[in-house]
1. Under 7 Å between Cβ atoms, which residue pairs at least 6 apart in sequence (or on different chains) link something in segment 42-55 that is without any contact (Cβ under 8 Å) to a residue 12 or more places away in the chain with a partner that is surrounded by 10 or more Cβ atoms within 10 Å (Cβ to Cβ)?
2. Which members of segment 42-65 meet the condition of being part of a loop (DSSP other than H, G, I, E, B) and exposed (fewer than 10 other Cβ atoms within 10 Å of the Cβ)?
Amino acid sequence: MTRFAFLLAVFPFFTFAAENRDTQVLNDRTDVLSGGRWIYNDFPKGVAEAKLTGKPLLVILRCIP
């Protein structure tokens, strides 16, 4: 009975964290693009910008489940 009570007490926190994470993932692109500093999901544009500015290119590959 104690384990069941613990699960009932803790479960809402896990669902809240998952919803919060989903919201953060969905808003990621908007946040990145609003800064104007990063090129998101456009490798050819990033390469062109690196050549134009003479700066190195940083590529981040992510898997968002």
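No value in this document is a laboratory result; all are computed from the given coordinates. Quick caveat, the model's predicted, so the values are computed rather than measured. Counting neighbours? That spans all protein chains shown, and the Cβs are built from the backbone with ideal geometry, glycine included.
1. LYS45/ILE39; VAL47/LEU57; GLU49/ILE39; ALA50/LEU57
2. GLY54, LYS55, PRO56, LEU58, VAL59, ILE60, LEU61, ARG62, CYS63, ILE64, PRO65, listed by residue number.
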